[in-house]
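Heads up, the thing below is written out as structure tokens.
Bear in mind that the values in this text are calculations on the coordinates, not laboratory data. These numbers were taken from a predicted model, which means no experiment stands behind them. Cβ atoms come from the backbone with ideal geometry, glycine included; neighbour counts cover every protein chain shown.
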Amino acid sequence: MELHESLAELVAAVGPQVLDDADRLRAALDDYLDEGAASTGDINLLVDAVRLGAYAWMMSTIASGGEGAKAVEAAGVILARDRGSRDLDTARWACAVLGFAVGKVGDADVRRYRTRTMEVPLPQSPEDTQPSPPPAPVVAPDVATAPAQPALAPVTEAADAVVVAPGPPPPSPPPSPPPARRRRRRTPVLAVVLALALVGGGLVAWRVLGGEDDPERTPVAVDEEPSRTPDPSEDPTGDPTGDPTGDPEPLPFEVDADFVNQPCTGEVIVMLATAGVADNYASKLGNAVEGVPDAKVLRAADSCAAFQRTHPESGQPIYNAYLGPFATVPEACQAIEGLDSATAWVRELANPSQERELCFCESSVDALPTIGADSDLTSLAVRRLIGQVQWGLYLFGLIPKEGVFQSYGQRTPEVVAALEDFQSQVLLEPDGVIAQETWERLLDEFCETEVYDVER
């Protein structure tokens with residue numbers, strides 16, 4: 001009997017309330033499971049899913065009408081983030097096991113993630129490992145003791161996205177949508193190298209500026225809503241109001257744009273700016289919509305629940321300027337190309353959803369330019385691409401989120417160093433130049449593909 005089946009029996013015997021408290025769950029597992037039925041790492045992972053709130057969030061999502069498999073994906077992102085791990089598959093496996101135990105997730109979902117986590121042995125998080133033994137004589141490096149990867153910077157779902165980082169599949173789009181895109185799961189490259197060393201060869205086949213509201217305090221005026229932490233008491237799959245688009249309370253400021261709130265439809269919008277300080281509403285949003293005839297403004301609290309509703313520092317309502325909605329990401333990315341802005345980004349009207357959709361994912365490798373020290377770094381197109389690469393490096397754990405927005409779209413020494421680190425990890429020459437091979441690795445790591453069957 002496998003672990004998820006044993007846990008289901010435990011829940012059937014003592015009741016689902018055993019999953020409401022981390023200490024109670026650990027004690028129950030210690031008493032119920034046979035010796036060797038689960039590793040210490042697996043038990044710690046399940047307990048952390050309860051202790052850190054990922055299980056509660058997942059159950060709230062399902063209770064609100066969310067699909068189990070999608071809720072597992074989003075909860076896994078939360079768990080991985082809060083554990084400081086980049087191993088999403090293992091985190092999603094833990095959430096799936098707990099969901100299976102209470103009859104909300106299918107056996108196939110549990111096995112899908114468990115199979116993947118076993119493809120390449122990934123390092124355990126620090127809390128799962130035993131204290132280091134006394135220093136030993138220096139010997140040749142041992143792949144089995146290779147250090148774990150750097151922790152992933154906190155995932156904020158946003159995008160503006162914000163909200164949670166790679167999130168589950170959005171609600172169904174309007175009739176006759178394009179074929180659903182599928183996401184390649186991320187496998188840390190170091191783990192792949194370890195696997196190759198161990199088996200002797202082979203190939204293993206992968207969401208709002210959280211700082212000051214005033215862009216003038218940073219070198220680049222990049223807007224994004226503050227990071228949003230999902231609240232289990234909220235309805236994470238629906239909208240905060242019954243009809244976000246009907247007769248909203250008037251705007252408390254004047255702006256030359258239509259006021260149209262947006263529900264969670266699965267469509268996408270182009271985010272132009274966000275403002276969460278009342279004194280800056282008119283100026284920030286007014287500047288963002290100037291010269292953009294079709295721009296609109298929404299109140300986050302009356303729109304898709306994925307948006308952060310109030311600013312964490314000011315406590316005031318957040319308003320966003322945007323274009324759209326558009327039926328697909330490529331359409332939204334095309335709209336950005338017509339803007340006089342290097343900082344606009346694409347966001348899905350779905351909850352959970354990613355903070356940002358990377359427009360370079362909609363291009364072929366051959367269509368993407370080489371970007372290096374000799375490139376035209378003042379070009380809007382180049383600055384947009386650099387900004388998107390910076391976001392990818394943040395997702396990869398190589399650059400802090402605040403660092404992204406402090407130099408958004410700029411090829412700074414810090415950005416080059418992070419890029420070289422990424423290149424080294426994906427077995428490329430660390431030259432800091434984004435050429436064809438680097439673009440291929442970026443697309444492989446952060447973009448969607450038809451190879452795998454895990455839909456967003």
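Amide H contacts of residue 326 (H built 1.01 Å from N, in plane; Pro and chain starts excluded): 268, 269 sit under 5 Å, all sequence-distant by 5 or more or on other chains. Kirkwood hydrodynamic radius of the stretch 249-307 from all distinct Cα pairs, in Å? One decimal place: 12.1 Å for the Kirkwood radius.
Beyond 13 Å, the tail of the calculated P(r) for the stretch 345-392 holds 61 percent of the Cα pairs.
The separation of the stretch 379-413 from the stretch 24-71, counted between C-alpha centres, amounts to 35 Å. Given R0 = 25 Å, the distance between the Cβ atoms of residue 436 and residue 328 translates into a calculated FRET efficiency of 0.45. Highest mean packing first, where packing is the average number of other Cβ atoms within 10 Å per residue, the peptides 338-350, 264-276 line up as 264-276, 338-350.
Take the alpha carbon gyration tensor of the stretch 1-80, find the square roots of its eigenvalues, order them as a ≥ b ≥ c, and report rounded if a/c is under 1.5; if not, report prolate when a/b exceeds b/c, else oblate. In terms of gyration-tensor shape, prolate. Please give the FRET efficiency for residue 314 paired with residue 412, using the beta carbon to beta carbon distance and R0 = 22 Å, rounded to the nearest 0.05. Between residue 314 and residue 412 the formula returns 0.15.
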